[in-house]
1. For the range 450-560, how many pairs of lysine residues have a Cα-Cα distance under 27 Å, where the two are 8 or more positions apart or belong to different chains?
2. Nearest 0.05, what FRET efficiency do Lys381 and Val83 give at R0 = 60 Å with Cβ-Cβ as r?
3. Among DSSP beta bridges lying fully in the chain, give the percent that are antiparallel, nearest 5.
4. Which order do the peptides 249-259, 451-461 take when ranked by the mean count of other beta-carbon atoms within 10 Å per residue, highest first?
5. By its C-alpha gyration tensor, with a ≥ b ≥ c as the square roots of the eigenvalues, how is the range 69-131 shaped: rounded for a/c under 1.5, else prolate for a/b larger than b/c, else oblate?
6. Over the chain, what relative contact order in percent results from Cα pairs under 8 Å that are six or more residues apart?
7. Can you give the relative contact order of the range 450-560 as a percent, counting alpha carbon pairs under 8 Å and 6+ residues apart?
8. Given N residues in the range 512-561, what is Rg(Cα) / (2.2 N^0.38 Å)?
Amino acid sequence: MASMFIKIVCILPLLLVSAVGAPGGRGYKGKWELVSQNSGVSAMHAILLPKINKVLMYDATIWRVSKFPLPPQKMPCHMVDPVNKIQDCWCHSVLFDIETSELQALKIETDTWCSSGGLTVDGNLVSTGGFRKGANTARYLSTCKNCDWKEYPTALAEPRWYATQVTLPDGGFVVFGGRDAFSYEYIPQEGLSNKKAIFLPFLRDTSDNLPLENDLFFRIENNLYPFVHLAPDGNLFVFANNRSMLFNPAANKVVREYPTLSGGARNYPSSGMSVLLPIKLYVDNPEAIPADVLVCGGAPWDSYFFAETRKQFLPALRDCGRLSLMKPNAVWKTEVMPSPRVMGDMTILPTGDVLMINGAKTGTSAWGYAEEPNFVPVLYKTKAKRGNRFHELAAGTIPRMYHSSSVLLPDGKVLIAGSNTNNGYLYDVKYPTELRVEKFSPPYLNPKLAKLRQEIVVDTSDKVINYGKRFRVNVRSKELGLNKADLKVTMFAPAFTTHGISMNQRLLMLGIVDVINNVWPGIHSIIAAAPPSGKVAPPGYYLLYVVYKEVPSVAMWVQIK
């Protein structure tokens, strides 16, 4: 049997790009700005951490180099090979200050290459898997001033390389798949180790192999980094390759299977994008809460074969599939994006729309297996009618391809970093390792709309909320009064972003009970209803936005439990 392996990496660039279209006009398409020349490490993995408002970025330890030397307080160096006295004296993980762009060094030793992650109820990060000796590891990073990584290399029963981690209704985690891991397992308590994983035939059956001569085959896979979303009934939507199901992990039971999404493959290395679309909530919610999943882009199922063996890069997919999870006879409804996209990122915006950004127009994931960077972001208008949902925005100038990332920030901007199509930190190649960091301002940040931007009065608003209860958000406003029909209160769960997958990303549109205008001069009070349960909103920290006439405020952190 012949087995072909897939490759991986990260990079970054620089520049200020003007907005396209006249500010204030219907043609305003957003703005790019360069905020840092050097992220220190290639932003292969990224997530916004609560409480400290810093973006955690990390790459892989295999290269034993980055652009940020380990500072004295993090010494001694990591001894990679005690026999030959090979040391690693470089940072592979940093905290990026979203206001100042300053870097804070972190020390990590197990290999995080192609790992996964999510936030605990207390807002701390749990990361799982990676490469080689990091593949069975669980890592913990607390959000305190001088905290650093804690690593447990034997925590997982099976190696988790290109696996997906999902948060459950009780705040725990389960991790699905990975290379040669046709199984899932619950992440154990810190310091403990799993004895065995739970076999899941679906992950074996969705793996692609291309038959060759003499009973050999070419390994393509196409089911790594499966898309896993927590549905509002507490089950998990699992999508791998082109198939999907609703799954109950506690019972190890397939609740239902959905139709195949035709057209090509969507998971690594074909690397499409997926989000659970915003969940609309009311003051009083039905027992069955609707939810839609969106899957866009990817590549023909054999695209990796052609890139690997012939250096031929097939056009990426242009289609999107949208599925209503709770409907009894759910079917995929397809739409066509303005351009093909593989290795892109999808970020849900505070308004409920979706930003598609980064990636390439041809090829697949892996080192050097794609061409034609896709510079043009696309706004997907979730509530618009089919045929009117896609809007192209201001083009960037930096190729953001393999190992790029995007992170929604409290001010409504999207931080864009990463891209490394090479095996290592290389700068004299066609697509250099990219260390520049940008921010993209979506159209709702048009300067002419600034007067509509509400300001949350954090000190007098409720920052800890309880399931099914009402809570208060006070806003300072230039408006004499606010109409409830013009308002949205949205809660966003920060995503762990890597390789085109945004784990645990979700946005909730809350029911608004009442608006009390002028509780103080220029201050209005919004009474909202918290989500009904952990099935809809797992416990933890969320960014809460007040959106007025489609313009979001700066968010405040809230914790639901």
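Each reported figure results from applying straightforward, stated rules to the coordinates on display, with no laboratory input. The model shown is predicted, which means the values in this text are computed figures rather than measured ones. Cβ coordinates were reconstructed from backbone atoms using ideal geometry, including for glycine residues, and neighbour counts include every protein chain displayed.
1. Number of lysine pairs found: 20.
2. Numbers: r = 59 Å, r/R0 = 0.98.
Efficiency, rounded to the nearest 0.05: 0.55.
3. The antiparallel fraction comes to roughly 95 percent.
4. On the way: 249-259: 13.3, 451-461: 16.4.
My ranking of the peptides, most packed first, is 451-461, 249-259.
5. Values: a/c = 2.59, a/b = 1.35, b/c = 1.92.
Oblate shape, in that a/c is at least 1.5 and b/c is the bigger or equal ratio.
6. Values: 1737 pairs, mean separation 91.7, N = 561.
Relative contact order comes out at 16 percent.
7. Numbers: 257 pairs, mean separation 39.1, N = 111.
With pairs under 8 Å counted, the relative contact order is 35 percent.
8. 1.32
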